[in-house]
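First comes the structure, then the notes that go with it.
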Amino acid sequence: MSRQNLRIIGGRWRGRRLEFIPEAGLRPTGDRLRETLFNWLAPFLPGARCLDLFAGSGALGLEALSRGAAATTFVDQSRVVTSQLEHNLALLKLEPDQQAQVIHQSAMVWLQQTHYQAYDMVFLDPPFALALIHDVLLVLQASGCLNQPACIYVEQPQPLLTLNLPDSWQISHHKRAGKVYYGLLQVYQSACL
(Lines give C-alpha, C1' and ligand atoms only; values in the text may rest on other atoms or scores of the structure.)
Protein backbone atom coordinates (compact mmCIF):
# COMPACT_ATOMS: atom_id res chain seq x y z
CA MET A 1 0.00 0.00 0.00
CA SER A 2 1.47 3.35 -1.01
CA ARG A 3 1.99 6.04 1.61
CA GLN A 4 1.39 9.75 1.35
CA ASN A 5 2.71 12.70 3.33
CA LEU A 6 0.99 15.13 5.64
CA ARG A 7 2.64 18.38 6.72
CA ILE A 8 1.96 19.98 10.09
CA ILE A 9 1.54 23.67 9.34
CA GLY A 10 1.90 25.40 12.70
CA GLY A 11 3.06 25.19 16.27
CA ARG A 12 5.93 23.25 17.78
CA TRP A 13 6.07 20.66 14.98
CA ARG A 14 5.61 23.17 12.16
CA GLY A 15 6.96 21.85 8.87
CA ARG A 16 7.19 18.21 10.05
CA ARG A 17 6.11 15.73 7.42
CA LEU A 18 4.45 12.52 8.48
CA GLU A 19 3.38 9.53 6.46
CA PHE A 20 -0.15 8.20 6.33
CA ILE A 21 -1.68 5.31 4.43
CA PRO A 22 -4.58 6.40 2.22
CA GLU A 23 -7.73 4.38 2.74
CA ALA A 24 -11.08 4.61 0.96
CA GLY A 25 -12.82 7.85 1.91
CA LEU A 26 -9.79 9.30 3.70
CA ARG A 27 -9.27 12.99 2.82
CA PRO A 28 -6.80 14.79 5.07
CA THR A 29 -8.00 18.32 5.76
CA GLY A 30 -5.99 20.57 3.44
CA ASP A 31 -3.41 23.11 4.57
CA ARG A 32 -5.56 26.13 3.75
CA LEU A 33 -8.58 24.79 5.65
CA ARG A 34 -6.42 23.83 8.63
CA GLU A 35 -4.84 27.29 8.70
CA THR A 36 -8.28 28.93 8.75
CA LEU A 37 -9.59 26.54 11.41
CA PHE A 38 -6.65 26.98 13.74
CA ASN A 39 -6.77 30.76 13.32
CA TRP A 40 -10.36 30.55 14.57
CA LEU A 41 -9.34 28.30 17.47
CA ALA A 42 -6.05 29.98 18.46
CA PRO A 43 -7.27 31.74 21.63
CA PHE A 44 -8.96 28.58 22.92
CA LEU A 45 -6.49 25.86 21.96
CA PRO A 46 -3.80 26.04 24.70
CA GLY A 47 -4.69 23.43 27.28
CA ALA A 48 -7.77 22.19 25.39
CA ARG A 49 -8.92 18.57 25.41
CA CYS A 50 -9.64 17.53 21.80
CA LEU A 51 -11.45 14.62 20.18
CA ASP A 52 -10.57 13.68 16.59
CA LEU A 53 -13.40 11.40 15.42
CA PHE A 54 -12.92 9.52 12.15
CA ALA A 55 -9.28 10.52 12.66
CA GLY A 56 -7.87 9.19 9.38
CA SER A 57 -4.46 10.78 8.88
CA GLY A 58 -4.82 12.57 12.23
CA ALA A 59 -4.18 15.94 10.56
CA LEU A 60 -6.51 17.89 12.85
CA GLY A 61 -5.63 16.23 16.14
CA LEU A 62 -1.89 16.37 15.44
CA GLU A 63 -2.15 20.04 14.47
CA ALA A 64 -4.00 20.72 17.73
CA LEU A 65 -1.26 19.02 19.77
CA SER A 66 1.42 20.91 17.86
CA ARG A 67 -0.31 24.17 18.76
CA GLY A 68 -0.61 23.49 22.49
CA ALA A 69 -3.67 21.32 23.12
CA ALA A 70 -3.33 19.39 26.37
CA ALA A 71 -4.73 16.14 25.00
CA THR A 72 -6.18 14.60 21.88
CA THR A 73 -8.10 11.36 21.55
CA PHE A 74 -7.99 9.89 18.04
CA VAL A 75 -10.79 7.45 17.11
CA ASP A 76 -10.83 5.47 13.87
CA GLN A 77 -12.17 2.05 12.91
CA SER A 78 -9.26 1.16 10.60
CA ARG A 79 -6.43 -0.81 12.20
CA VAL A 80 -4.05 0.41 9.47
CA VAL A 81 -4.92 4.03 10.27
CA THR A 82 -4.63 3.68 14.05
CA SER A 83 -1.30 1.84 13.79
CA GLN A 84 0.11 4.67 11.63
CA LEU A 85 -1.21 7.29 14.07
CA GLU A 86 0.51 5.52 16.97
CA HIS A 87 3.73 5.42 14.95
CA ASN A 88 3.51 9.14 14.10
CA LEU A 89 2.81 10.12 17.71
CA ALA A 90 5.89 8.14 18.80
CA LEU A 91 7.98 10.06 16.24
CA LEU A 92 6.71 13.46 17.39
CA LYS A 93 7.32 13.01 21.13
CA LEU A 94 4.66 14.86 23.11
CA GLU A 95 5.48 17.40 25.79
CA PRO A 96 5.42 15.95 29.35
CA ASP A 97 2.12 17.72 30.08
CA GLN A 98 0.41 16.47 26.89
CA GLN A 99 -1.52 13.26 26.32
CA ALA A 100 -2.63 11.41 23.22
CA GLN A 101 -4.74 8.30 22.96
CA VAL A 102 -5.46 6.30 19.82
CA ILE A 103 -8.61 4.16 19.83
CA HIS A 104 -9.26 1.50 17.21
CA GLN A 105 -13.05 1.44 17.11
CA SER A 106 -16.04 2.77 15.20
CA ALA A 107 -16.61 6.40 16.17
CA MET A 108 -20.35 5.82 16.58
CA VAL A 109 -19.85 2.79 18.83
CA TRP A 110 -17.22 4.61 20.89
CA LEU A 111 -19.46 7.66 21.36
CA GLN A 112 -22.27 5.48 22.69
CA GLN A 113 -20.06 4.15 25.49
CA THR A 114 -19.67 5.97 28.80
CA HIS A 115 -16.00 5.62 29.70
CA TYR A 116 -14.62 8.78 28.11
CA GLN A 117 -14.00 12.25 29.48
CA ALA A 118 -15.40 15.62 28.42
CA TYR A 119 -13.86 17.48 25.48
CA ASP A 120 -13.49 21.17 24.63
CA MET A 121 -13.12 20.61 20.88
CA VAL A 122 -14.30 17.91 18.51
CA PHE A 123 -12.99 17.50 14.97
CA LEU A 124 -15.66 15.83 12.86
CA ASP A 125 -14.76 14.91 9.30
CA PRO A 126 -16.25 11.50 8.41
CA PRO A 127 -16.02 10.07 4.89
CA PHE A 128 -18.49 12.07 2.82
CA ALA A 129 -19.98 8.96 1.19
CA LEU A 130 -21.24 7.74 4.58
CA ALA A 131 -23.37 10.88 5.20
CA LEU A 132 -22.93 10.55 8.98
CA ILE A 133 -22.75 14.17 10.17
CA HIS A 134 -26.36 14.43 11.35
CA ASP A 135 -26.27 11.11 13.21
CA VAL A 136 -22.92 11.87 14.84
CA LEU A 137 -24.12 15.29 16.02
CA LEU A 138 -27.17 13.67 17.64
CA VAL A 139 -25.01 11.12 19.43
CA LEU A 140 -22.55 13.83 20.50
CA GLN A 141 -25.41 15.84 21.97
CA ALA A 142 -26.69 12.85 23.94
CA SER A 143 -23.28 11.51 24.95
CA GLY A 144 -22.29 13.95 27.67
CA CYS A 145 -18.75 14.08 26.26
CA LEU A 146 -18.79 17.85 25.58
CA ASN A 147 -17.60 20.47 28.03
CA GLN A 148 -19.51 23.71 28.28
CA PRO A 149 -18.65 25.60 26.19
CA ALA A 150 -17.35 23.37 23.42
CA CYS A 151 -16.63 23.75 19.71
CA ILE A 152 -17.25 21.18 16.99
CA TYR A 153 -15.43 21.50 13.67
CA VAL A 154 -17.43 20.03 10.76
CA GLU A 155 -16.46 19.24 7.17
CA GLN A 156 -19.14 18.08 4.76
CA PRO A 157 -20.16 18.22 1.09
CA GLN A 158 -23.23 20.45 1.79
CA PRO A 159 -23.43 23.96 3.29
CA LEU A 160 -23.38 23.95 7.09
CA LEU A 161 -26.59 25.95 7.05
CA THR A 162 -28.33 22.69 6.03
CA LEU A 163 -27.51 21.09 9.40
CA ASN A 164 -30.42 20.48 11.74
CA LEU A 165 -28.86 21.65 15.02
CA PRO A 166 -30.19 21.54 18.57
CA ASP A 167 -31.67 24.89 19.64
CA SER A 168 -28.73 25.70 21.92
CA TRP A 169 -26.10 25.10 19.20
CA GLN A 170 -25.04 27.73 16.69
CA ILE A 171 -22.82 27.96 13.64
CA SER A 172 -20.16 30.47 14.64
CA HIS A 173 -17.98 30.31 11.48
CA HIS A 174 -18.45 28.71 8.09
CA LYS A 175 -16.73 28.77 4.73
CA ARG A 176 -16.41 26.86 1.49
CA ALA A 177 -13.30 25.57 -0.26
CA GLY A 178 -14.08 23.93 -3.60
CA LYS A 179 -16.60 21.16 -2.90
CA VAL A 180 -15.96 21.17 0.85
CA TYR A 181 -18.03 23.15 3.33
CA TYR A 182 -16.49 23.61 6.74
CA GLY A 183 -17.02 25.53 9.91
CA LEU A 184 -17.36 25.65 13.68
CA LEU A 185 -20.38 24.92 15.79
CA GLN A 186 -20.70 26.65 19.14
CA VAL A 187 -22.24 24.37 21.74
CA TYR A 188 -24.50 25.22 24.70
CA GLN A 189 -24.79 28.93 23.95
CA SER A 190 -21.65 29.79 25.93
CA ALA A 191 -19.24 32.00 24.02
CA CYS A 192 -16.78 29.70 22.28
CA LEU A 193 -15.50 32.11 19.69
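The values are calculated or read from the model by the stated rules, or taken from the named source; none is laboratory data. Everything numeric here is computed off the predicted structure, so don't read it as measured data. Ideal geometry is used to build each Cβ from the backbone, glycine not excepted, and the neighbour counts take in all protein chains shown.
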Please find, among VAL75, VAL81, the residue that is surrounded by 15 or more Cβ atoms within 10 Å (Cβ to Cβ), of a type in the set (Val, Ile, Thr), in contact (Cβ under 8 Å) with a residue 40 or more places away in the chain and over 19 Å from TYR182 (Cβ atoms). VAL81
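Residue by residue, here is whether (1) part of a loop (DSSP other than H, G, I, E, B); (2) without any contact (Cβ under 8 Å) to a residue 24 or more places away in the chain; (3) within 27 Å of ALA118 (Cβ to Cβ) holds:
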| residue | (1), (2), (3) |
| --- | --- |
| LEU18 | no, no, no |
| PRO22 | yes, yes, no |
| GLU35 | no, no, no |
| GLY47 | yes, yes, yes |
| LEU51 | no, no, yes |
| ALA69 | yes, no, yes |
Can you confirm whether segment 41-54 contains a residue that is under 17 Å from LEU184 (Cα atoms), modelled with pLDDT of 95 or more, surrounded by fewer than 24 Cβ atoms within 10 Å (Cβ to Cβ) and of a type outside the set (D, E, K, R)? yes
Hits in segment 9-35 - residues which are surrounded by 16 or more Cβ atoms within 10 Å (Cβ to Cβ), modelled with pLDDT of 85 or more and out of contact with any Ser or Thr (no Cβ under 7 Å at 6 or more places or on another chain): ILE9, ARG16, LEU18, LEU33, ARG34
Considering only strands (runs of 3 or more DSSP E) wholly within segment 105-193, the ones with at least 2 residues that are surrounded by 15 or more Cβ atoms within 10 Å (Cβ to Cβ) and modelled with pLDDT under 90 are 146-156, 180-187
Give me the pairs: first residue in segment 94-116 and of a type in the set (Ser, Thr, Tyr), second residue modelled with pLDDT under 95, beta-carbon distance under 7 Å, and six or more apart or on different chains, which are they? SER106/GLN77; TYR116/CYS145
